[in-house]
Each structure stands twice: as structure tokens, then as C-alpha cells.
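J.: Before we start, here is the structure in question, set down as C-alpha cells.
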Amino acid sequence: MVHSKLQTVTERIIKRSEETRAEYLAQVEKAHIEGRAAAHVSCGNLAHAIAASPEGDKQLIASGRGPNLGIVNAYNDMLSAHQPYGVYPAQLKEAAARNGATAQVAGGVPAMCDGVTQGRAGMELSLFSRDVIAMSTAIALSHDVFEGAIFLGICDKIVPGLVIGALSFGHLPSIFVPAGPMPTGLSNAEKVRVRQLYAEGKVGRSELLEAESASYHSAGTCTFYGTANSNQMLVEIMGLQLPGSSFVNPGTDLRSALNEAAVAQLVKITEPSQHTSVAKILTEKAFVNGVVGLLATGGSTNHTLHLIAMARAAGIQLTWQDMADLSEVVPLLCHVYPNGTADINHFAAAGGMQFLIRELRSAGLLHDDVHTVLGNSGLEPYCEDPFLNSDAGGGVVWKPTPEESGDTTVIRPATDPFSQHGGLQLLEGNLGRSVIKVSAVKSEHLKVKAPAIVLDNQDDLLKRFKAGELERDFVAVVRFQGPRANGMPELHKLTPTLGVLQDRGFKVALVTDGRMSGASGKVPAAIHMSPEAVEGGAIAKVQEGDMIELDSEAGVLRVLVDEAEFNARQPAQCDLSESARGTGRELFANMRGLASGAETGASILY
């Protein structure tokens with residue numbers, strides 16, 4: 001039985017999306033063709049498409065005896081999570097051949113590492129890279145000679161971009177194939193301790209680099225529960241990849257077996273009798289399931305942007321209010337750093353996605369009448385763990401996940417959650433609307449009332465800290481960080497400094513029209529403030545010393561200034577020329593000009 005709140009919110013989304021969803025589905029139906037794609041292109045087109053293929057593939061594609069699968073690859077060596085993808089195409093092609101199909105690398109998409117660009121000019125390109133990836137995906141698939149698509153991507157903006165691009169080819173059956181997290185390295189608690197010591201000047205750069213390198217040490221996703229691993233949770237709970245495939249380490253036999261199983265399953269759902277397109281999987285109910293998963297796991301706040309943008313690509317109108325309403329009834333079942341000390345490998349070992357999905361289903365907090373890459377069997381198969389098949393045939397076999405959590409400090413049953421609230425709160429008041437992630441914030445820090453310090457650059461806060469000017473209670477208002485101002489960079493560089501001050505006993509908080517990393521944690525941070533400062537939003541009227549009230553429990557964020565006086569203030573202006581050039585930023589001027597607000601996904605596409 002589906003929870004009444006879940007049903008109400010879903011019905012509201014369906015009603016709100018009637019027109020745009022119908023338009024999208026009509027577009028999908030128009031693009032769908034019967035039979036093999038090769039039969040619908042000219043001989044010249046087809047000859048170009050298969051000119052470099054092995055002779056056997058040429059014959060198979062031309063004959064139409066088996067499906068041709070397009071691989072869209074986000075491989076590069078700059079992302080540890082994506083480095084394993086370098087060898088995937090050859091493996092996937094071999095798997096396709098064993099299943100009577102062919103596969104071609106249709107194209108690559110850019111994939112920048114936010115860990116490398118954090119706090120640097122390149123971070124101002126990060127959010128817009130999502131839409132570039134979506135467009136690059138469309139270019140890759142525009143050859144229109146494929147019956148299915150395989151998407152290779154994991155991190156931050158890459159998966160949302162690939163999903164948006166996949167939805168523009170929503171008539172194609174598609175599957176996402178992850179590479180998995182790196183093995184556990186230095187504990188997250190120790191990493192944070194060294195970062196804060198460095199921020200205080202108590203250890204040097206060599207000690208900091210040693211700690212960071214022991215944490216980020218090999219191929220695979222970073223092991224904290226940031227945007228990358230939130231992505232993997234989402235695509236699994238929304239049915240775009242195989243059950244249990246999200247958090248299997250790279251280079252293992254099980255990882256390889258799951259990759260081959262993904263190809264076999266994709267081949268299966270390209271057949272007319274089992275045809276399962278992306279448009280059929282990513283429905284209103286699937287997006288609600290995604291939001292529920294995000295809330296139950298305390299996932300990345302970046303998805304308050306990405307889920308909205310992805311939904312719009314499917315003609316679905318998802319809002320912050322929908323997320324906030326669901327957060328009232330979805331319990332927090334997981335404690336994974338930054339919400340706890342465990343990493344993603346501990347989460348997987350304690351029960352992982354299978355335990356999570358089973359618990360949410362049992363509580364009526366997931367829609368089960370959905371399609372997935374397994375067809376129309378709903379989410380029941382996603383409550384089973386994958387294992388290597390010890391029989392002579394090899395491959396993967398799925399078995400029911402254990403009834404009990406392997407570690408209740410990491411993941412709990414729905415009957416005994418860490419919190420009855422999903423950990424995401426919508427804040428409203430005379431400053432506008434913003435979101436805050438409270439799952440990692442201790443109860444004594446959920447309410448902050450303190451004078452504002454006003455900054456137009458995150459580096460200015462660090463300078464004031466080093467000058468000894470911040471040994472007090474304050475709310476840091478960091479503005480002109482929205483999508484139209486400078487591309488909405490993550491401001492994770494502020495986290496160690498604010499964490500130090502909080503640990504010293506001061507009441508501190510952050511209010512910004514920018515973003516925080518998926519690793520944002522213990523300091524209350526009201527982010528994605530909308531309207532943003534560059535559009536004259538109220539955040540641009542805040543002055544140094546204004547008293548700010550942030551109440552995460554009541555969902556309130558406001559400046560405690562006489563209303564008439566505050567309204568009469570002229571919004572501050574900021575010289576943004578520095579963010580308009582250098583490190584490629586000049587190439588994104590048009591994107592900054594076209595970007596929508598945070599509440600509509602901060603996108604140039606929808």
C-alpha cells in the first residue's frame with residue numbers, strides 16, 4: 001500500500017505535468033521506428049556508419065539480425081571514477097557479440113572532476129558541463145543507427161547530463177553501467193580532522209596532501225556519499241541500471257560479470273516483445289522514487305537542481321515543494337559520510353541499495369508499478385544482491401538480501417530510522433527560497449540567529465578568518481554565486497573554515513545563491529538562494545551586521561530588518577568581469593545569460 005503523502009505528491013506532479021508530458025511522449029512516439037535502424041537509412045549512410053567495423057559486425061548490422069548498441073562514454077584519466085571506463089568499450093563489444101549484437105562507441109562526453117577544480121576558476125564551468133554533456137550525448141546518438149544505448153558515467157554533473165541526453169532519445173532502450181567505488185582508504189573522520197588542522201595553520205601542506213592522497217588513492221568513485229554516489233543510488237532506484245550494480249569495486253570479477261549482464265539485458269529489452277524504452281522507465285513515479293531515495297539516504301543537495309532538470313527533460317514538472325513535502329514522511333535510514341563516519345563501501349556491506357529499497361517498499365514509500373531495465377517487474381528484483389554464479393556457466397545470480405541490517409550505525413530498517421524526517425528542508429522568508437540539508441547537522445545547530453557578514457567571493461571569508469575577524473557568531477552571506485552570475489560553483493572550500501569556528505563554540509551558518517558540494521555536512525548551509533543576487537534577489541540587499549534568522553526546523557530564513565526599510569534598499573552590484581574570462585569561462589558567457597533559476601534546475605535547456 002503506497003503511503004498517502006507519496007500518492008498525493010505523485011498525483012500532483014502528474015496533474016501539473018499533463019501537457020508537457022504528453023508533448024514529450026508524442027515526440028518519443030514519433031522517433032520510434034519498427035525493425036532495425038539500419039533498414040531505415042540509406043546505403044551511403046549505413047556504409048559510413050560501419051566502414052571501420054570488423055567484417056562480422058558489418059554483416060550483422062547490415063543484415064539486421066541483431067541490435068546495434070551505441071556506447072556513450074565519459075572516460076578520462078582525470079576522474080578516478082571514470083578511469084576504469086578506458087577498457088570498457090572493448091569488453092562491452094565482446095559481450096554484445098556473445099549475445100548476438102554489435103556495439104559501437106557513438107561518442108564521448110566531457111567529464112570534469114569537481115575535486116580537482118574545487119575552489120578554483122574551473123569550478124565555474126562545472127554546473128554548465130551538465131548541459132554540455134546532455135548536448136554531447138545527443139550528438140553521439142544523432143547518427144540514428146542504434147537500437148539501444150549504453151551509458152558510461154558516474155560522477156557529479158555527468159550522470160544528470162547523460163540522463164537528459166538519453167531522454168532526448170527516449171524511444172531507445174538504454175542502460176547505465178557504473179564502474180564502482182574505490183576501496184576504503186583513510187577514514188573520513190581523519191581526513192576532516194587534518195583538513196581542519198590545516199585551516200587553522202597547525203599542519204602544513206605536506207601533511208594535508210598525505211591525508212588527501214590516502215583518502216583518494218585509486219580508481220573508483222570517492223568513497224564519501226557525495227553527488228557521484230548519490231547519482232548511482234538514483235539511477236539504480238529509478239531502474240536505469242542492474243540491481244546491486246552501483247557499489248561493486250572496479251577490477252573485480254563481480255564487476256566484470258555485472259557489465260556483461262548489463263549488455264545481455266539491454267539486448268533483451270531491445271526486442272519488440274520486451275521493448276523497454278527510457279521514456280517508459282523515467283515516469284513521474286520513477287522520479288518520485290528517486291526523490292525518496294535521495295531523502296532516505298541523505299544524498300547530495302546538488303540533486304535539488306539535477307532531479308528537476310532531468311524531470312523537465314522527460315516533460316515532468318518536479319518542484320522543491322514536492323521534495324519538501326516528501327521529506328516530511330520519508331525517514332532517514334542511512335548514515336554515510338558526511339552524514340556519519342561510514343563510507344560507501346561500509347554502506348554496501350551493511351545492506352546497501354537492496355536493504356534500502358526493501359525497507360522503503362515495505363513502508364509504502366516507493367512506487368512498485370514501474371518499469372526498469374528488467375522490464376515491467378517493478379522494484380522487487382532490486383531487493384536482491386548480485387553474486388558470482390559458481391556453476392559452470394558463470395555470470396551473475398541474484399539472491400534475496402538479508403533480513404537484518406549488517407550494521408545499524410550505517411543503515412537501519414524503516415521501523416527504526418535515524419530520523420523521521422528525510423533530511424532536506426525548504427527554507428522560505430523575506431530573502432527568498434532556498435534548500436538546506438539537515439541530515440548531517442546536529443540538533444543544536446539547526447537554529448542560528450546571528451549578524452551577517454556579507455561577501456561577494458568565498459576567498460574573502462578565508463582572508464577574514466586568517467586575520468582573526470571571525471571569532472564570533474555570524475551568518476556568512478556569500479552572494480553573486482548563482483548560475484547567471486558565475487555559473488553557480490560549489491563553495492566547499494568554505495567547509496573546513498566554518499567547521500573550525502563551529503567546533504570553537506560559535507554559532508555559524510552559510511547563506512548563498514551558490515552551491516555546496518555533495519560533501520557538505522555539519523555546518524547549516526542555506527543554498528541555491530532564489531532569486532539570485534545578480535537578478536536583484538533579496539540576498540543582494542543584505543548588509544553587514546543585519547540580523548539573520550535561520551530556523552531549519554520551522555523552514556524559515558529571513559533577515560530581521562524593518563520590512564519597509566529592507567524593501568527600499570537598492571540591491572548591491574558586483575563586478576563580475578573576473579568570472580567572465582580565463583580558464584575557458586569566456587566560452588560560457590551565453591550559458592550564463594540563458595541559465596534558468598535554481599528552482600527550475602539552473603539549466604539552459606528547459
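Here's the yes/no breakdown for (1) open to solvent by less than 10 Å² (accessible area, probe 1.4 Å); (2) aliphatic (A, V, I, L, M); (3) in contact with a Lys or Arg (Cβ under 7 Å, 6 or more places away or on another chain); (4) closer than 29 Å to Ile50 by Cα:
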site: Arg120; (1), (2), (3), (4): no, no, no, no
site: Leu127; (1), (2), (3), (4): yes, yes, yes, no
site: Ala134; (1), (2), (3), (4): yes, yes, no, yes
site: Ala138; (1), (2), (3), (4): no, yes, no, yes
site: Ser142; (1), (2), (3), (4): no, no, no, yes
site: Val145; (1), (2), (3), (4): no, yes, no, yes
site: Gly148; (1), (2), (3), (4): yes, no, no, yes
site: Cys155; (1), (2), (3), (4): no, no, no, no
site: Leu167; (1), (2), (3), (4): yes, yes, no, yes
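J.: For Gly521, state whether it is open to solvent by 10 Å² or more (accessible area, probe 1.4 Å) and touching a Pro at 6+ places or on another chain (Cβ under 6 Å).
T.: Working: open to solvent by 10 Å² or more (accessible area, probe 1.4 Å): yes; touching a Pro at 6+ places or on another chain (Cβ under 6 Å): yes.
Against the criterion (open to solvent by 10 Å² or more (accessible area, probe 1.4 Å) and touching a Pro at 6+ places or on another chain (Cβ under 6 Å)), Gly521 qualifies.
J.: Scanning the range 426-447 for residues that are in a strand (DSSP E or B) and over 28 Å from His335 (Cα atoms), which turns out nearest to the chain's Cα centre (by Cα)? It would help to see each step written out before you state the result.
T.: Pass one, the range 426-447, residues in a strand (DSSP E or B): 426-429, 432-437, 447.
Keeping just the survivors that are over 28 Å from His335 (Cα atoms) gives 429, 432.
Details: Gly429: 27, Gly432: 24 Å.
Looking at residues that are in a strand (DSSP E or B) and over 28 Å from His335 (Cα atoms), I get Gly432.
J.: Yes or no: Ala342 in contact (Cβ under 8 Å) with a residue 12 or more places away in the chain and over 21 Å from Val523 (Cα atoms)? First the steps, then the outcome.
T.: Details: in contact (Cβ under 8 Å) with a residue 12 or more places away in the chain: yes; over 21 Å from Val523 (Cα atoms): no.
The answer is no for Ala342.
J.: Go through (1) part of a helix (DSSP H, G or I); (2) under 26 Å from Gly394 (Cβ atoms); (3) open to solvent by less than 60 Å² (accessible area, probe 1.4 Å) for Lys58 and report which single condition fails.
T.: It is condition (2) that Lys58 fails.
J.: Just to verify a result, which residue in the range 339-381, among those that are more than 18 Å from Ser277 (Cβ to Cβ), among the polar types (S, T, N, Q) and in a loop (DSSP other than H, G, I, E, B), is most open to solvent (accessible area, probe 1.4 Å)?
T.: Per the criteria, the residue is Thr341.
J.: Another question, then. Mind checking whether some residue in the range 79-97 is assigned to a loop (DSSP other than H, G, I, E, B), in contact (Cβ under 8 Å) with a residue 24 or more places away in the chain and under 30 Å from Ala580 (Cβ atoms)?
T.: yes
J.: If I go through the range 569-587 residue by residue, how many of them are aliphatic (A, V, I, L, M) and either touching a residue at least 60 places away in the same chain (Cβ under 8 Å) or under 19 Å from Ile548 (Cβ atoms) (or both)? Before you say what the answer is, go through the steps one by one.
T.: Of the residues in the range 569-587, the ones aliphatic (A, V, I, L, M) are 572, 576, 580, 587.
Within this subset, residues satisfying the condition of being either touching a residue at least 60 places away in the same chain (Cβ under 8 Å) or under 19 Å from Ile548 (Cβ atoms) (or both) are 572, 576.
Of the residues in the range 569-587, 2 are aliphatic (A, V, I, L, M) and either touching a residue at least 60 places away in the same chain (Cβ under 8 Å) or under 19 Å from Ile548 (Cβ atoms) (or both).
J.: Something else: Pick from the range 13-48 the residues that are open to solvent by less than 80 Å² (accessible area, probe 1.4 Å) and basic (Lys, Arg): which of them is modelled with the highest pLDDT? Lay out the reasoning, then the answer.
T.: Step one: filter the range 13-48 for residues open to solvent by less than 80 Å² (accessible area, probe 1.4 Å), giving 13-14, 17, 20-22, 24-26, 28, 31-33, 35-38, 41-42, 44, 46-47.
Checking which are basic (Lys, Arg) leaves us with 21, 36.
On the way: Arg21: 98, Arg36: 86.
Going through the qualifying residues, I end up with Arg21.
J.: Can you name every residue in the range 487-501 that is aliphatic (A, V, I, L, M), touching a residue at least 60 places away in the same chain (Cβ under 8 Å) and surrounded by fewer than 24 Cβ atoms within 10 Å (Cβ to Cβ)?
T.: Scanning the range 487-501 gives a single hit, Val500.
J.: Open to solvent by 10 Å² or more (accessible area, probe 1.4 Å), part of a helix (DSSP H, G or I), closer than 29 Å to Ser168 by Cβ and at pLDDT 95 or above: is that true of Ala264 in this structure?
T.: Details: open to solvent by 10 Å² or more (accessible area, probe 1.4 Å): yes; part of a helix (DSSP H, G or I): yes; closer than 29 Å to Ser168 by Cβ: yes; at pLDDT 95 or above: yes.
For Ala264, the condition - open to solvent by 10 Å² or more (accessible area, probe 1.4 Å), part of a helix (DSSP H, G or I), closer than 29 Å to Ser168 by Cβ and at pLDDT 95 or above - is met.
J.: For Ala450, all conditions in the list (1) part of a helix (DSSP H, G or I); (2) touching a residue at least 60 places away in the same chain (Cβ under 8 Å) hold save one; what is the number of the exception?
T.: (1)
J.: Out of the range 496-516, which residues are part of a loop (DSSP other than H, G, I, E, B) and more than 20 Å from Glu599 (Cβ to Cβ)?
T.: Quick first cut of the range 496-516, residues part of a loop (DSSP other than H, G, I, E, B) only: 504-507, 513-514, 516.
Answer for the range 496-516, where residues must be part of a loop (DSSP other than H, G, I, E, B) and more than 20 Å from Glu599 (Cβ to Cβ): Arg504, Gly505, Phe506, Lys507.
J.: Any residue at all in the range 245-253 that is assigned to a helix (DSSP H, G or I), touching a residue at least 60 places away in the same chain (Cβ under 8 Å) and buried (at least 24 other Cβ atoms within 10 Å of the Cβ)?
T.: Going residue by residue through the range 245-253, those that are assigned to a helix (DSSP H, G or I) are 253.
Cutting the leftovers down to touching a residue at least 60 places away in the same chain (Cβ under 8 Å) gives us 253.
Then keep just the ones that are buried (at least 24 other Cβ atoms within 10 Å of the Cβ); that gives none.
Looking for residues that are assigned to a helix (DSSP H, G or I), touching a residue at least 60 places away in the same chain (Cβ under 8 Å) and buried (at least 24 other Cβ atoms within 10 Å of the Cβ), one finds none in the range 245-253, hence no.
J.: What number of residues in the range 482-509 are closer than 18 Å to Phe465 by Cβ and within 22 Å of the chain's Cα centre (by Cα)?
T.: Count: 5.
J.: Would you tally the residues in the range 187-218 being hydrophobic (A, V, I, L, M, F, W, C), under 26 Å from His335 (Cβ atoms) and part of a loop (DSSP other than H, G, I, E, B)?
T.: The total comes to 0.
J.: Mind checking which pairs have a first residue in the range 536-553 that is open to solvent by 10 Å² or more (accessible area, probe 1.4 Å) and a second that is outside any strand (DSSP E or B) and among the aliphatic types (A, V, I, L, M), Cβ under 7 Å, 6 or more apart or different chains?
T.: Cβ pairs passing all conditions: Ala538/Leu431; Asp546/Val561; Met547/Leu560; Glu549/Leu560; Glu553/Leu446.
J.: Further, regarding this structure: Could you please give the count of residues in the range 430-442 that are open to solvent by 40 Å² or more (accessible area, probe 1.4 Å) and either among the small types (Gly, Ala, Ser) or in contact with a Lys or Arg (Cβ under 6 Å, 6 or more places away or on another chain) (or both)? Show your work before the answer.
T.: Our first condition is that a residue be open to solvent by 40 Å² or more (accessible area, probe 1.4 Å); within the range 430-442, this holds for 430, 433, 442.
Now drop any that are not either among the small types (Gly, Ala, Ser) or in contact with a Lys or Arg (Cβ under 6 Å, 6 or more places away or on another chain) (or both), which leaves 430.
Qualifying residue count, the range 430-442: 1.
J.: Could you check Lys280 against (1) under 24 Å from the mean Cα position of the chain (by Cα); (2) open to solvent by less than 10 Å² (accessible area, probe 1.4 Å) and say which number it fails?
T.: It fails just one condition, (2).
J.: Of all residues in the range 275-298, which are in contact with a Lys or Arg (Cβ under 8 Å, 6 or more places away or on another chain) and modelled with pLDDT of 95 or more?
T.: Of the range 275-298, the ones in contact with a Lys or Arg (Cβ under 8 Å, 6 or more places away or on another chain) are 284, 298.
The answer is Glu284, and nothing else.
J.: Do you know which residues across the range 576-595 are surrounded by fewer than 18 Cβ atoms within 10 Å (Cβ to Cβ) and within 30 Å of Val448 (Cβ to Cβ)?
T.: To start, the set of residues in the range 576-595 that are surrounded by fewer than 18 Cβ atoms within 10 Å (Cβ to Cβ) comprises 576-578, 580-584, 586-587, 589-590, 593-594.
Scanning the range 576-595 gives a single hit, Leu576.
J.: Name the residues in the range 457-485 that are open to solvent by 40 Å² or more (accessible area, probe 1.4 Å), modelled with pLDDT of 95 or more and hydrophobic (A, V, I, L, M, F, W, C), would you?
T.: Scanning the range 457-485 gives no hits.
J.: Sticking with this structure for a sec: Return a yes/no flag: does the range 443-456 have any residue that is surrounded by 21 or more Cβ atoms within 10 Å (Cβ to Cβ), among the β-branched types (Val, Ile, Thr), closer than 24 Å to Leu197 by Cα and at pLDDT 95 or above.
T.: yes
J.: Mind checking whether some residue in the range 98-115 is touching an Asp or Glu at 6+ places or on another chain (Cβ under 6 Å), in a loop (DSSP other than H, G, I, E, B), touching a residue at least 40 places away in the same chain (Cβ under 8 Å) and over 19 Å from Ala219 (Cβ atoms)? Don't jump to the end; show me each part of the working.
T.: The first filter runs over the range 98-115 and keeps only residues touching an Asp or Glu at 6+ places or on another chain (Cβ under 6 Å), leaving 102, 114.
Add one more test, that the residue is in a loop (DSSP other than H, G, I, E, B), and what stays is none.
Taking every residue of the range 98-115 in turn, none turns out to be touching an Asp or Glu at 6+ places or on another chain (Cβ under 6 Å), in a loop (DSSP other than H, G, I, E, B), touching a residue at least 40 places away in the same chain (Cβ under 8 Å) and over 19 Å from Ala219 (Cβ atoms).
The values are calculated or read from the model by the stated rules, or taken from the named source; none is laboratory data. Predicted, not measured: the structure shown is a model, and the values here were computed from it. Ideal geometry is used to build each Cβ from the backbone, glycine not excepted, and the neighbour counts take in all protein chains shown. We work out accessible area using only protein heavy atoms, side chains counted, and drop any ligands, DNA or RNA first. Shrake-Rupley method; radii C 1.70, N 1.55, O 1.52, S 1.80 Å.
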